[in-house]
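Some notes on the structure that comes next.
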Amino acid sequence: MRRKHIRKIKRILGLYIPLSAFLFFALFPFYWMLISSFKANPELYNLQAKRLLVKEPTLEQFKELFDKTAILRWLWNSFFVSFLTSLISLALGIMAGYALARLKFPGAQTFGLATFITYLVPTTLLFIPLASVVRSFGLSNTLWSLVVTYPTFLIPFCTWMLIAYFKSIPKDMEECAMIDGCNRIGAMVRIVLPMAIPGIVFSGMFSFTLSWNEFVYALTFISDTTHKTMSVAVPTELIRGDAYFWGELMAASLLGSVPVALLYSFFMDYFVSGLTAGALKG
Amino acid sequence: MRSVGWRERLPARPWLNRFIKHEALTGYTLISPGLFFMLLLLAYPFLLAVSISLSDRVLGEPGKFIWIGNFTKLLQDTFFLQTVRNSFIYTISTVSLKLLLGLILAVLLNHEFPYRNLVRGALLLPWIVPTSLSVLTWLWMFDSLFSIINYVLLGLGLISKKIPWLGNPFWAMVSVIIVNTWRGVPFFAVSILAGLMTIPRELYEASEVDGARGFRKFWHITLPLLQPVIAVVVLFSTIWTFADFQIVYILTHGGPLNATQIFATMAYDVALVAGRIGEGSAISLFLFPALLVVIILMLRYLRRD
């Protein structure tokens, strides 16, 4: 009886308390974002109120946001760019990933290595010359500047992730199909792709998230209000000079965060398995 | 079994089959679109970055070739030297914090407890949500007048006067370090957790027979086996933190008094705000040696496996 008690106390001290501390640290900013966006200004800026709670929940900040800013446009821009770039990168990543996982050809290893290295290249290394490349294509200030440049970090990511997935699929299956008269591409499309769906879903989803969250390129290439994406529009358009409208800012941040959070909660299982597979292959 | 079906669906196209049979040709065809993207938008811009950094180009003017003038000028610039120092402080402290907390969190998450998946998902949120938006929330939490952190700490009696989070050089650095750590711990935890789950239980059981307990087990079995995962995660995080932009740009914009200026934010300010593109490009390129070191270490590590 006593030993059981001690075990329980040990578990609380050693597991539940530290875990709660981590949860608190991780989630408090989101809680604060959430409740700030449902308060009206008088309550938001009242230092005497019970600030950790909402007394009179209101949609005022959201209304203000939809009436006075281009928020719907920014959300659409983010969606458009993220969807298109993940699709492009996934298609090219599947092709390159399959080639590197299965086919033998001179230079394959070098290309695989280059893919890995480019995956490590941070966007802040090249944003200045890329701005002039984008300008010379005549794409400055358009969403296409992002559609063209985001694949530079998404293709290496997808390729690298999918190589690992394709390699984990036994070769016999496609060899059988090829003996039966299927060609290489047919075998890839009919046999390998269906089996790699978890990896493909994960890579696509994560590419979507990476595009949705991208900041440096979007900040550098686009200055027109109507062509901004959420991640850049909220911190640049909603802060006017020195005036911070915190209620609106938090409401907009919430709207920009919810799509990725939702996407990710739907595909949570794919996500964790993909992430752990990726981390191990690393 | 199903082979008949394929034959029926695939009419003989000898020229196509001959083409596809050449494995090398298929390989090159499959990688060429990706390769094209990378050459056009990574390799070429990199060469462009080098050539711009060797010129005194400013916005709207082509500038002339000045050899390594930008680099020598920067190395004598006290602002830039402070940026170098800040970048190292920022990277070293956040990466060690993220590793320490990530390791602890991974070990905690490796236990069985109710709602484990939900908890794991919730803990990943800081890493998933758009950084610029979550950092805005932190900006609001650090607000000089309305800081909720100060409100809570004062209320609990843990501090006696407000902490000037973003207001003085020391606390500004502390703030950006806290936020970067907050954002990065989930990545460390999940990767290390994946490594932890591959360690066979028998190893622990064997060591228990030999009398090893708690921390000694962790030190002598867990840590050595986690070394490859830890190395990869640390290298990844080092280069990304070194080249970080958003957290500093939104929280402090490099201030106060340049106290939190790091490479990327300074490059942005010099090239795009002040318009000295040549010099800004040179600042960006200072990230390259760091990248090179990480690549070399990473390749050495991966090759050993």
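The values are calculated or read from the model by the stated rules, or taken from the named source; none is laboratory data. Source: prediction; values computed, not measured. Here the Cβ is made from the backbone with ideal geometry for all residues, glycine too, and neighbour counts use every protein chain on show.
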- Matching entry among A:Val216, A:Val201, A:Val189 (being of a type in the set (A, V, I, L, M), on the phi < 0 side of the Ramachandran plot and either at pLDDT 95 or above or outside the structural domain of A:Ala99 (by TED's automatic domain parsing) (or both)): A:Val216
- Item | Inter-residue pairs, beta-carbon under 7 Å, first more than 7 Å from every other protein chain (Cβ to nearest Cβ) and in the range A:120-134, second of a type in the set (Gly, Ala, Ser), 6+ apart | A:Val134/A:Ser140; A:Val134/A:Ser145
- Query: Could you list, in sequence order, the residues of the range A:3-41 that are within 10 Å of chain B (Cβ to nearest Cβ) and among the charged types (D, E, K, R)?
  - Reply: A:Arg11
- Message: Tell me the residue from A:Gly247, A:Gly241 that is touching a residue at least 60 places away in the same chain (Cβ under 8 Å), in the same structural domain as A:Phe267 (by TED's automatic domain parsing) and over 21 Å from A:Thr123 (Cβ atoms), please.
- Response: A:Gly247
- Boolean, B:Phe65 is surrounded by fewer than 18 Cβ atoms within 10 Å (Cβ to Cβ), more than 12 Å from chain A (Cβ to nearest Cβ) and within 30 Å of B:Thr222 (Cβ to Cβ): no
- Item | Given (1) within 7 Å of chain B (Cβ to nearest Cβ); (2) part of a helix (DSSP H, G or I); (3) not hydroxyl-bearing (Ser, Thr, Tyr), index of the condition A:Arg51 fails | (2)
- Message: For the range B:195-222, give me each residue that is within 19 Å of B:Leu99 (Cβ to Cβ), among the aliphatic types (A, V, I, L, M) and surrounded by 14 or more Cβ atoms within 10 Å (Cβ to Cβ).
- Response: B:Leu196, B:Ile199, B:Ile221
- Task: For residues that are more than 29 Å from A:Trp144 (Cα to Cα) and part of a loop (DSSP other than H, G, I, E, B), tally how many sit in the range A:172-216.
- Result: 5
- Which numbered condition B:Ser237 misses (of (1) exposed (fewer than 15 other Cβ atoms within 10 Å of the Cβ); (2) under 30 Å from B:Phe288 (Cα atoms); (3) among the hydroxyl-bearing types (Ser, Thr, Tyr)): (1)
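Which one of B:Leu47, B:Leu10, B:Leu16, B:Leu39 is at the interface with chain A (Cβ under 7 Å from one of its Cβ atoms) and either surrounded by 12 or more Cβ atoms within 10 Å (Cβ to Cβ) or at pLDDT 85 or above (or both)? Don't jump to the end; show me each part of the working.
Working: B:Leu47 fails: at the interface with chain A (Cβ under 7 Å from one of its Cβ atoms); B:Leu16 fails: at the interface with chain A (Cβ under 7 Å from one of its Cβ atoms); B:Leu39 fails: at the interface with chain A (Cβ under 7 Å from one of its Cβ atoms).
Of the residues listed, the single one that is at the interface with chain A (Cβ under 7 Å from one of its Cβ atoms) and either surrounded by 12 or more Cβ atoms within 10 Å (Cβ to Cβ) or at pLDDT 85 or above (or both) is B:Leu10.
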- Under 6 Å between Cβ atoms, at least 6 apart or on separate chains: pull out the pairs that start in the range A:197-212 with a residue that is under 16 Å from A:Leu162 (Cα atoms) and within 11 Å of chain B (Cβ to nearest Cβ) and end on any residue that is at pLDDT below 95 and surrounded by fewer than 22 Cβ atoms within 10 Å (Cβ to Cβ). A:Met205/A:Phe267
- Among the residues of the range B:272-287, write down those that are among the aliphatic types (A, V, I, L, M) and facing another protein chain (nearest Cβ under 7 Å). B:Leu272, B:Ile277, B:Leu287
- Query: Taking only pairs six or more apart or across chains, which ones have beta-carbon atoms under 6 Å, a first residue in the range A:1-24 that is at pLDDT below 90 and loosely packed, with under 10 Cβ neighbours inside 10 Å, and a second residue that is among the charged types (D, E, K, R) and in a helix (DSSP H, G or I)?
  - Reply: none
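Select from the range B:254-303 the residues that are on the phi > 0 side of the Ramachandran plot and under 20 Å from the mean Cα position of the chain (by Cα) and list them in ascending order. Reasoning before the result, please.
Looking only at the range B:254-303, we keep the residues that are on the phi > 0 side of the Ramachandran plot, and these are B:254, B:257-258, B:275.
Answer for the range B:254-303, where residues must be on the phi > 0 side of the Ramachandran plot and under 20 Å from the mean Cα position of the chain (by Cα): just B:Gly254.
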- Task: Please tell me if A:Ser86 is within 9 Å of chain B (Cβ to nearest Cβ), in contact with a Gly (Cβ under 9 Å, 6 or more places away or on another chain) and touching a residue at least 40 places away in the same chain (Cβ under 8 Å).
- Result: no
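Of the residues A:Cys182, A:Cys158, only one is within 26 Å of B:Glu23 (Cβ to Cβ) and without any contact (Cβ under 8 Å) to a residue 40 or more places away in the chain; which? Even if it seems obvious, please write down each step before you answer.
Working: A:Cys158 fails: without any contact (Cβ under 8 Å) to a residue 40 or more places away in the chain.
None of the others qualify; the one that does is A:Cys182.
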- Item | Residue count for the range B:201-219, restricted to those that are part of a helix (DSSP H, G or I), modelled with pLDDT under 85 and either within 30 Å of B:Leu291 (Cβ to Cβ) or not small (Gly, Ala, Ser) (or both) | 11
